[in-house]
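Every read-out reported here was derived from the displayed coordinates using simple, explicitly stated rules and does not represent laboratory data. Given the structure is predicted, the values throughout are model-derived calculations rather than measurements. Please note: Cβ atoms are built from the backbone with ideal geometry, for glycine as well, and neighbour counts cover all protein chains shown.
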Amino acid sequence: MDFLSTQLAHILHALQSFQLTPWKLVGYIGVFMFTSRWFVQLYYTRKYKRVVMPLSFWWLSVCGSVLLLAYFIAGKNDSVGILSNFFPVFVSVYNLIVHLRHHKNSVTGDTIA
């Protein structure tokens, strides 16, 4: 039980000494945007009863990745965070460009005749 009480005390101390800095706010917004893209995708998949990657999914991916990359570069200087967010930025931008090049329905991705 000593281990559990020590860990609980550590968590409570961390919560009490929490400070919201501007860079943490950037990071939290980035996490929120990057995570929310999956809820958007889930909503449209359930709505159309097939897998759908709406345009908003790619915009949330790009914006979330850029904010997280900015946080890890300027706010935290964390090489693991930089590497883990560097590649998704390029993949998301590429997919956004491909999506925009093809004239498709903005929700379902179906080609418009």
Original post:
Ordered by residue, what ³J(HN,Hα) values in Hz, to whole numbers, does segment 48-65 give under the Karplus form 6.51 cos²θ - 1.76 cosθ + 1.60, where θ = phi - 60° and Gly and Pro are x?
Top reply: 9, 6, 7, 5, 10, 10, x, 4, 4, 4, 6, 5, 5, 5, 5, 5, x, 5
Subject >> Extension reserve of the Asn95-Lys47 stretch, reckoned as 0.36 nm per residue once the Cα distance is removed >> reply: 15.1 nm
Original post:
Efficiency by 1/(1 + (r/R0)^6): what FRET value for Ala14 and Ser79, r their Cβ-Cβ distance, R0 = 22 Å, to the nearest 0.05?
Top reply: 0.45
Original post:
Can you put Val98, Val40 in order, fewest other beta carbons within 10 Å first?
Top reply: Val98, Val40
Subject >> Spin-label model distance (nm) - Phe87 vs Leu55, 7 Å beyond Cα toward Cβ >> reply: 2.9
